[in-house]
Amino acid sequence: MSQKIYVGNLNYATTGEGLKDLFGNYGEVVSAIVIKDRLTHRSKGFGFVEMEDEAAVKKAIEELNETDFEGRKIRVNYAEERQQPPQH
C-alpha cells in the first residue's frame, strides 16, 4: 500500500514534475502533485507525493524536512487523512 507525503512551503513555481524528481532520489514515486487554486490555477504552496516503499518514504521525510528546495525551506511529513464532511 502506498504512503502519502505532505510537502509544504513550496515555491509557487514548483511543479509536480519537480517534486517527482526530488523524491525520486529516494525511491519510486507513484504520483506527485502541487495543489492549485480552482479559480486562478496558481499554486497554493503545498503538494503531495505518493510512494510505495515505506522505508523510502521514511528516509525521504527524515532527509528532506526543513531543507532548501527551489529557494524555500520545505516541510515534509506524513500526510493526514482528510476528514470528509458528513453527507446530509
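Here the range 24-64 exposes an accessible surface that is 48 percent carbon and sulfur, computed with a 1.4 Å probe and the other protein chains kept in place. With protein chains left intact and a 1.4 Å probe, residues in the chain average 71 Å² of accessible area per residue. Could you give the distance between the Cα centres of the range 1-41 and the range 58-84, to the whole Å? Centre-to-centre (Cα) distance: 10 Å.
The values are calculated or read from the model by the stated rules, or taken from the named source; none is laboratory data. Values in this document were obtained by computation on a predicted structure and should not be read as measured data. Heads up: the accessible areas ignore ligands, DNA and RNA and are worked out on the full protein's heavy atoms, side chains in. Shrake-Rupley method; radii C 1.70, N 1.55, O 1.52, S 1.80 Å.
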